[in-house]
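A.B. asks: Starting off with a structure, shown below.
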Amino acid sequence: MMGRTAGLLALPAILIAAAVAFSVAEGRDARCAARGFPLWAGAQGSRDECGQAHSAAAHEPIDLSGVAIDGWEAARFGDLEVKATHGSLLVEVDRPQAGILLRAHADPALRYKLTISGAGRNFRLRVLEDGAARGTVAAPADGAISLIVGEAAEIEALLFSDGGSFMLDRISLDPCPDCPSKADLRRRIEEIDPEIDEKEGIDQAIALLKWSANVANWAFHGDLTRGDVEAMAPEDALYNVFDAGVSGVMCGGQADFFAKVLREFGFDAFTVGFGIEGDLNHVSVILALNGSHYLLDPTFAGYYARDGAPAPLDELLVAMGGGGDFGYDFVELGLERRKYLDRKLAAGFCDRRERVADGVEMCRQGRGLLRDFLDENRTAIAEAGLPPDGSFLLALLSRQVLNLDETLDATARARFEQKLSALSSPVRSN
C-alpha cells in the first residue's frame, strides 16, 4: 500500500491480514524526474512543483573532502546542515523538504550494486537512473541498503527528510557483472509465455499482469514483507527477493513491481492508491493506452471486461454511477504459481505447506482471492456501503484516490485525474 500512514486493504481473515505501509509517491510527475530535481511530497513556500527551492543554497555543491565517499558529487536542497565528522557526512534537517542529492557517472553497458551505509531517523531514499525515479524507501536506520542499478550513464541517490538527521558512512557503486539484467527479466517472462513479444497492446499488458501477479510472493506477516522492493528494479526484486522465497510484498509492492514490468515493455503505467483511508484501501495499477486508462490489478490478478473485451476505466466508472445492471465482469487470470508466506499459514488456506526458513511457511493454493476477500469481509464492506461483488474495486476507487505514482507521460496522468474529477471521484493531491 502507499502513504506512510494509510492502512491495508483488509484481506480475508483466513489469509491473516497484516498492516503494511503505503509507498507514497513523493513526486509531482515525470517532468521533475526528467529535470533531475528531487521529487518531494509537494511544493511548499518558495519551491516549484519539483521541490526546487528558490534560494542560493538550492543547488549548492557539498564539499566532500574529509568524507569517505569517492567518485560522487553532492548538492544540497533546501535548509539543512551538512558537515564532515570522523570520515562520515552528517546531514541534519529541521524544516520540511530538504536533503542532499548524490550523483555518480556510470557505464551504460554495466550493472552495478549501489550500497548506502549509515544511520539516522526520519530520512527517505530515492534512486534515479538517468533521471528516471524509482519508488521511495526508508533510508537505513542503522546499517546498509543495497540495490542493483545500471544500464544508465548517471546514477543519483536522493536522501531527504521533513525533519531528522542522517549519518552517511558510505555510498558505493561497484560493477556487478553477475547481477541480473533487464535481458534476464525478459528471459524469465519468455520462459512462461514464449509468445509475449508477439502480443500487442492490451493483450500483452494482460499477459504481463498474469506473469507478474504469479511470480511476486505474497507475505501475510508484516515482518516478512520487503519494503525496499519499491526502490528496486524489477529484475532485482525477482531474483533477489521473490526467488529467495523467504519474503514478499503486499498490494503496494505487487502494484509497484507490475508497473515497472509494464514500463520495461514500453507501456505507460502508474500505481494508484485509493479507498477509505485508515480502513479499506488498496493499491493497483493504471495502464494508459491509446488515450484510455485500464485498471489492471496484480493483487487479485484481474481486470474488468465486457463480453470478453477489456473495458477502459472511464467507461466502467460511468456504468457504476448509472444504476441498474453493472454489466461488466472482473476477469481473474488465476494465481496457480504465487507463493504465500506466513509465520504459520491458516488451516484450510492451502492443501500443502512447506517450511522454507526458520519460522516461515510457504504454500501455493491456486485459486483466486477476490471471492475469498468479499466473503470474509462482507460485514465491513456492507458497513462502508460498498458492493459485495466484482464491482467492489471500482466502487472503492470512486470513494477517493489517495495518491498517484509518477508516470512516463505526465499528460496521461493528468487526463486520468481529470476523468476522475469529471465523474465526481475525489482525488487527493500528492
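A.B. asks: Return the subset of 210/419; 113/339; 260/419; 199/339; 83/182 for which the Cα-Cα distance in this structure is over 29 Å, preserving the input order. Could the numbers behind the result be given before it?
C.D. replies: On the way: 210/419 27 Å; 113/339 27 Å; 260/419 24 Å; 199/339 27 Å; 83/182 38 Å.
From the list (210/419; 113/339; 260/419; 199/339; 83/182), the Cα-Cα distance tops 29 Å for 83/182.
A.B. asks: Roughly to the nearest percent, how much of the accessible area of region 271-416 is carbon and sulfur, given a 1.4 Å probe?
C.D. replies: Of all accessible area on region 271-416, carbon and sulfur atoms account for 42 percent.
A.B. asks: Ordering 344, 419, 113 by accessible area with a probe of 1.4 Å, largest first, what comes out? Kindly include the intermediate steps, with their values, before the conclusion.
C.D. replies: Values: 344 135, 419 55, 113 85 Å².
From most exposed to least exposed: 344, 113, 419.
A.B. asks: Under a plain spin-label model, where a point goes 7 Å from the Cα along Cα-to-Cβ, how far apart in nm are residue 417 and residue 357?
C.D. replies: Label at residue 417, label at residue 357, 3.9 nm between them.
A.B. asks: Explain nothing, just compute: Karplus ³J(HN,Hα) = 6.51 cos²θ - 1.76 cosθ + 1.60, θ = phi - 60°, for every residue of region 271-286 in order, whole Hz, x for Gly and Pro.
C.D. replies: Calculated HN-Hα couplings, in order: 7, 9, x, 8, x, 9, 4, x, 10, 9, 8, 8, 10, 9, 10, 9 Hz.
A.B. asks: Restricting to Cα pairs below 8 Å that are 6+ residues apart, what does the relative contact order work out to for region 275-430? Please round to a whole percent.
C.D. replies: 21 percent
A.B. asks: Spelling out what I want: for every residue of region 93-104, take phi, set θ = phi - 60°, compute 6.51 cos²θ - 1.76 cosθ + 1.60 (Karplus), and round to whole Hz; glycine and proline get x.
C.D. replies: Using θ = phi - 60°, the values come out as 10, 10, 10, x, 6, 8, x, 10, 10, 9, 10, 9 Hz.
A.B. asks: Note the full-extension length gain between residue 364 and residue 182 as 0.36 nm times their separation in residues minus their Cα-Cα distance, in nm to one decimal.
C.D. replies: Additional length available on full extension: 62.8 nm.
A.B. asks: Just flag the GluC sites (Glu not before Pro) in region 162-205 sitting in loop per DSSP whose Cβ has no more than 14 other Cβ atoms within 10 Å.
C.D. replies: 195, 200
A.B. asks: While we're here: How long are the semi-axes of the equivalent ellipsoid of region 182-264, taking √(5λ) for every eigenvalue λ of the Cα gyration tensor, in whole Å from largest down?
C.D. replies: Largest first, region 182-264 gives 23, 12, 11 Å.
A.B. asks: Can you compute 3J(HN,Hα) from phi for each residue in region 305-320, using the Karplus curve 6.51 cos²θ - 1.76 cosθ + 1.60 with θ = phi - 60°, rounded to whole Hz and x for Gly and Pro?
C.D. replies: 8, 10, 6, x, 9, x, 9, x, 5, 5, 5, 5, 5, 5, 5, 4
A.B. asks: On the accessible surface of region 130-259, probed at 1.4 Å, how many percent belong to carbon and sulfur atoms?
C.D. replies: Heavy-atom surface of region 130-259 belonging to carbon and sulfur, 1.4 Å probe: 46 percent.
The values are calculated or read from the model by the stated rules, or taken from the named source; none is laboratory data. Computed from a prediction, not measured in an experiment: that's the story for all the values here. Cβ sites come from the backbone with ideal geometry, for glycine too, and all protein chains shown count toward neighbours. These accessible areas exclude ligands, DNA and RNA; they are computed on the full protein's heavy atoms, side chains included. Shrake-Rupley method; radii C 1.70, N 1.55, O 1.52, S 1.80 Å.
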